[in-house]
Amino acid sequence: MMPTIVRTGLLALALSTSPAWAQAPADGGLQVKVQKNGDVVAVDASITIAGTPQEVWNVLSDFDHMAGFLHGLDSSRITARDGDVWQIEQKGHSSHAGFSFSFESQREVHVRPLESLQSHLIRGTLKKHDTLTQLAPDGDATRVTYHADSVAGVWVPPLLGPSVVEGEVRQQFQDIQAEVLKRKAAH
């Protein structure tokens, strides 16, 4: 999900607006690569977060509280659980350079605790949004890698979409990292 983490809709809103920023954070070695191939936008991202796999997992899988720490996410909830398969519903918004966009998604997420979250869009603003988020211990930290393949539900000017997606993904990972560190400091 963006691990799915990655709120779905992230790309819908990003693809329908104009670029505002795309600065990498000073910590975590955050890397984001966005490529467009026809209608498909592929995103690959990675970051090392100063937390154990359990601490990072607790944030990545906290769908019921995600709206409290991810920018632009208005609501997020788990609507059903069947073992390691969860149904997630999320709604949000984004604004860039005078454009505003609302998004929503319902996803099926396959959960492998402390290892991965793999999601598939059931319905929502995007036509397609499949993601894989993986965790791996990295010394005293946790390496998070993310891959998404998405197809927007609206036309996007070719040169605008990728840079906005990059900025949105960077912000999302910065939000996740900040939440991990906040929770870690509270203990």
Worksheet item: Do you know which residues across the stretch 82-93 are more than 17 Å from Ile176 (Cβ to Cβ) and either in a strand (DSSP E or B) or in contact (Cβ under 8 Å) with a residue 24 or more places away in the chain (or both)?
Response: Asp82, Asp84, Val85, Trp86, Gln87, Glu89, Lys91, His93
Worksheet item: When you look at Leu126, is it part of a loop (DSSP other than H, G, I, E, B), touching a strand residue (DSSP E or B) at 6+ places or on another chain (Cβ under 9 Å) and under 20 Å from Asp149 (Cα atoms), yes or no?
Response: yes
Response to the item:
Log entry, pairs with first residue in the stretch 100-114 being free of Cβ contacts under 8 Å to residues at least 24 places away in the same chain, second being among the hydrophobic types (A, V, I, L, M, F, W, C) and part of a strand (DSSP E or B), beta carbons closer than 7 Å, six or more apart or on different chains, reads Glu108/Val85; Glu108/Ile122
Response to the item:
When the stretch 130-184 is checked residue by residue, the ones that are at pLDDT 95 or above and of a type in the set (A, V, I, L, M, F, W, C) are Leu132, Leu135, Ala136, Ala141, Val144, Ala148, Phe173, Ile176, Ala178, Val180, Leu181
Worksheet item: Out of the residues in the stretch 140-154 that are under 17 Å from the mean Cα position of the chain (by Cα) and charged (D, E, K, R), which is nearest to Ser46 (Cα to Cα)?
Response: Arg143
Worksheet item: Out of the stretch 86-121, which residues are closer than 15 Å to Ser76 by Cα and of a type in the set (A, V, I, L, M, F, W, C)?
Response: Trp86, Ile88, Phe103, Val109, Leu121
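Select from the stretch 103-129 the residues that are acidic (Asp, Glu) and surrounded by 15 or more Cβ atoms within 10 Å (Cβ to Cβ) and write down the one among them that is modelled with the highest pLDDT. Show your work before the answer.
Of all residues in the stretch 103-129, those acidic (Asp, Glu) come to 104, 108, 115.
Keeping just the survivors that are surrounded by 15 or more Cβ atoms within 10 Å (Cβ to Cβ) gives 104, 108.
Details: Glu104: 94, Glu108: 98.
Filtering the stretch 103-129 for residues that are acidic (Asp, Glu) and surrounded by 15 or more Cβ atoms within 10 Å (Cβ to Cβ), the one modelled with the highest pLDDT comes out as Glu108.
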Worksheet item: Does the stretch 130-147 include one or more residues that are surrounded by fewer than 20 Cβ atoms within 10 Å (Cβ to Cβ), over 17 Å from Thr48 (Cα atoms) and without any contact (Cβ under 8 Å) to a residue 60 or more places away in the chain?
Response: yes
Practice prompt. Name every residue in the stretch 36-62 that is among the polar types (S, T, N, Q), within 26 Å of Leu126 (Cβ to Cβ) and modelled with pLDDT of 95 or more, in order of residue number.
Written response: Ser46, Ser61
Worksheet item: Do we have Thr79 as touching a residue at least 24 places away in the same chain (Cβ under 8 Å), within 21 Å of Gly167 (Cβ to Cβ) and in contact with a strand residue (DSSP E or B) (Cβ under 7 Å, 6 or more places away or on another chain) here?
Response: no
Fill in: Yes/no for His71 being modelled with pLDDT of 95 or more and either part of a strand (DSSP E or B) or not basic (Lys, Arg) (or both)
no
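The values are calculated or read from the model by the stated rules, or taken from the named source; none is laboratory data. It should be emphasised that the depicted structure is a prediction, and the values quoted were computed from it without experimental measurement. Backbone-built Cβ (ideal geometry, glycine too); neighbour counts: all protein chains shown.
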